[in-house]
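Undergrad: Right, I'll just put the structure down here and ask away after.
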Amino acid sequence: MTGNFPDSDPTPATPEELGEQARATREQLARTLEALVGRTEVKEKAGDIKGHVEHFAAEAKGRAVQAAHLLQESAPETVREAAAAARRNRAALFVTVGAALAVLFLLRRGRRKR
């Protein structure tokens, strides 16, 4: 374990060398402590940011739900009835849309030949 510290010597020869080892050990511990505190601060900041993002996402979801309800309430009854009829008769809807697209295609094709 003594090999992890700067200028480590298992048996210091003089009190000055012992004092130097103690100073070097204190400096090493101070740097280690600063690094650990820095990592903790980064993790705390990341946690704060995550909390803000989650809060913002929850607010956005709530606003979207409110907007959807408002849109459903404000849609005229005939539009809601037409949407419900389209859901019930999907085959008829697809045939109608397909026929409309075919007519548009033929009209554009006829214009190009002229």
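Undergrad: Starting at the first residue of the range 90-100, write each ³J(HN,Hα) from the Karplus equation 6.51 cos²θ - 1.76 cosθ + 1.60 with θ = phi - 60°, in whole Hz, x for Gly and Pro.
TA: In residue order, the calculated couplings are 5, 4, 5, 4, 5, 5, 5, 5, x, 5, 5 Hz.
Undergrad: Sticking with this one: Using only the alpha-carbon atoms, what does the chain span along each of its principal axes? Please give whole angstrom values in decreasing order.
TA: Result for the chain: principal-axis Cα extents of 105, 44, 25 Å.
Undergrad: Across the range 33-40, in residue order, what do the Karplus-derived ³J(HN,Hα) couplings come to in whole Hz, using 6.51 cos²θ - 1.76 cosθ + 1.60 with θ = phi - 60° and x for Gly and Pro?
TA: Going residue by residue, I get 5, 4, 5, 5, 5, x, 5, 5 Hz, with x marking Gly and Pro.
Undergrad: Please report Rg over Rh for the range 36-79, where both radii come from the alpha carbon positions and Rh follows the Kirkwood definition.
TA: A ratio of 1.46.
Undergrad: Given the options Ala102, Ala46, Ala75, state which has the largest fluctuation in a GNM of the chain using a 10 Å cut-off (strictly under) for Cα springs.
TA: Ala102
Undergrad: Would you calculate the convex hull of the Cα atoms in the range 13-52 and tell me its volume per residue in Å³?
TA: Cα-based convex hull of the range 13-52, divided per residue, equals 28 Å³.
Undergrad: Please list, in order along the range 56-66, the HN-Hα scalar couplings obtained from phi with the Karplus expression 6.51 cos²θ - 1.76 cosθ + 1.60 (θ = phi - 60°), rounded to whole Hz, x for Gly and Pro.
TA: Result, rounded to whole Hz: 4, 5, 5, 5, 5, 5, x, 5, 5, 5, 4.
Undergrad: How big is D, in µm² s⁻¹, for the range 62-114 by Stokes-Einstein at 20 °C and 1.002 mPa s if Rh is the Kirkwood radius over C-alpha pairs?
TA: 153 µm²/s
All of the numbers you see were taken from the coordinates with simple rules; none came from a lab. The model shown is predicted, which means the values in this text are computed figures rather than measured ones.
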